[in-house]
């Protein structure tokens, strides 16, 4: 802060000069005491200067509305929304969210440091605060081909960025447990810069949490039961309660929150798709759901504001108090939270659900690699032929609305050439993962059950965590057509039927995000959903979302990477023929 700004803030606070703006007649949520208080809010240079009786150059009558600090999302992957940070801000601001702590893990797996730099550059100069945690595990595993590898030396320069808060979700617990050198370097480096370290403690025991805490890892967003949540709180972790598109943990975890431990809990979305953000909202949805489940509204607001700010050391955020940033919103009901007006840095950015500022003036320089990330040689029908020695195969079975799959052994049909024959009747379809980063000509082939396609093929370059091209189909020629369409778009989602592309959504930024306005992306997703209906896809879950996680070899039970079929319980690749297991 400059001397002049400090002098001015003190002068306004002491009433020697008028504030820039004064908000009158509002019911202020005091996140420190858990009370509703009244008083004028004096704002100067984007900060609160005082609560009491004030005069200002501009006077705003809140007309009895509640006033809340703006919401903070403590852990999110922006790439999961399929839109750029600028468009992401446009979607979240009307929902009262003005700050996120993002992990650019997805784009880093494709583009490495170029991906991180893009996220930093493209999120600057917006009426929205983007903070970042640096990806800790790129690649996520050695069992798939990633676009990049990031070591401690690669991450080090980014710690000099003011908006970089620390090291993101450490998901490689074995490396921490064994004190492997590269992981230790990343942890020590974050500590040397005085930064935070996020955890990823999926399925870990209470003693495993001891290990994480001993290593300086202080948060976790992977709790799925109240018992797991309590173990993390007992050992001093911040509990991140997640409610996203796939992982919905809030209702299972919120029962553990009480007035004694609530200040160690915060809300996150982790991965949330654009259509869900538009329909339901972001952290505001978490708050509404928590209140509907029985949590005190004041406690829910604390978790969405000051708790998240304190977790990440954001000392001037998360509260309505002198010296804090004037990021807040007005609303009319503590249960429904109908947001009327949103303020960022003391200025109204949303009024009656509509943005009042133009965010399209932002400019930055892109790298060529950003839009040239989908690279593989031309494919033919032969590339999708699956040879089988027997008539029994290891099959990936989808569990609706779950990242977990089942490992099935079933009889399959073969054609005269001894190759697997898809079966609509038995819902046995071809699955392929094609390496798309380094022109390795590497293709993993498998069989998937539960997708429900009656014809055609679907493909996407969103395939966690390495984001190779993943395709499921009923015919080889439609799968080939899908590869051509994806390469021409340089990434995205495509639906093919009888040799024709019937719907597509271009995601030309690293094959993960669109450069189009969010409204166009939203419309594109609607067209994709209509096309899926024509193929007869299972309507009990999102087929593309499910497809994108079939390549993730760290979640049970059977997955497919570009290196082949992967059995998670044995942590090894296996053959398609069932007699190997």
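The values are calculated or read from the model by the stated rules, or taken from the named source; none is laboratory data. For clarity, every value in this text was computed on a predicted model and none was experimentally measured. Counting neighbours? That spans all protein chains shown, and the Cβs are built from the backbone with ideal geometry, glycine included.
One residue stands out among those in region 522-579 that are free of Cβ contacts under 8 Å to residues at least 40 places away in the same chain and either assigned by TED's automatic domain parsing to the domain that holds residue 145 or touching a strand residue (DSSP E or B) at 6+ places or on another chain (Cβ under 6 Å) (or both): the one that is surrounded by the fewest Cβ atoms within 10 Å (Cβ to Cβ), which is 527. Against the list (1) closer than 22 Å to residue 303 by Cα; (2) surrounded by fewer than 16 Cβ atoms within 10 Å (Cβ to Cβ), the condition residue 194 fails is (1). Counting only strands (runs of 3 or more DSSP E) that sit wholly inside region 1-78, those with at least 1 residues that are touching a helix residue (DSSP H, G or I) at 6+ places or on another chain (Cβ under 8 Å), modelled with pLDDT of 95 or more and buried (at least 21 other Cβ atoms within 10 Å of the Cβ) are 19-24, 27-30, 40-44, 47-52, 66-69, 71-76. Within region 213-230, the set of residues being modelled with pLDDT of 95 or more, crowded, with 22+ Cβ neighbours inside 10 Å and in contact with a helix residue (DSSP H, G or I) (Cβ under 7 Å, 6 or more places away or on another chain) comprises 219, 220, 229. The condition (being in contact with a helix residue (DSSP H, G or I) (Cβ under 7 Å, 6 or more places away or on another chain), in a loop (DSSP other than H, G, I, E, B) and crowded, with 21+ Cβ neighbours inside 10 Å) is satisfied by just one residue among 493, 451: 451. Candidates are the residues of region 128-137 that are in contact with a helix residue (DSSP H, G or I) (Cβ under 7 Å, 6 or more places away or on another chain) and in a loop (DSSP other than H, G, I, E, B); the one that is nearest to residue 347 (Cα to Cα) is 128.
Can you tell me which residue within region 366-409, out of those that are within 22 Å of residue 426 (Cβ to Cβ), out of contact with any strand residue (DSSP E or B) (no Cβ under 9 Å at 6 or more places or on another chain) and assigned to a loop (DSSP other than H, G, I, E, B), is modelled with the lowest pLDDT? The qualifying residue modelled with the lowest pLDDT is 402.
Could you list, in sequence order, all residues of region 242-262 that are in contact with a helix residue (DSSP H, G or I) (Cβ under 6 Å, 6 or more places away or on another chain) and either in the same structural domain as residue 544 (by TED's automatic domain parsing) or buried (at least 18 other Cβ atoms within 10 Å of the Cβ) (or both)? If the condition is that a residue be in contact with a helix residue (DSSP H, G or I) (Cβ under 6 Å, 6 or more places away or on another chain) and either in the same structural domain as residue 544 (by TED's automatic domain parsing) or buried (at least 18 other Cβ atoms within 10 Å of the Cβ) (or both), then 243, 245, 250, 253, 254, 256, 262 are the ones that fit. So which of 200, 125 is in contact (Cβ under 8 Å) with a residue 24 or more places away in the chain and on the phi > 0 side of the Ramachandran plot? Of 200, 125, the one residue that is in contact (Cβ under 8 Å) with a residue 24 or more places away in the chain and on the phi > 0 side of the Ramachandran plot is 125. Applying the condition of being in a helix (DSSP H, G or I) and free of Cβ contacts under 8 Å to residues at least 40 places away in the same chain to region 138-154 and asking which residue is surrounded by the most Cβ atoms within 10 Å (Cβ to Cβ) yields 152.
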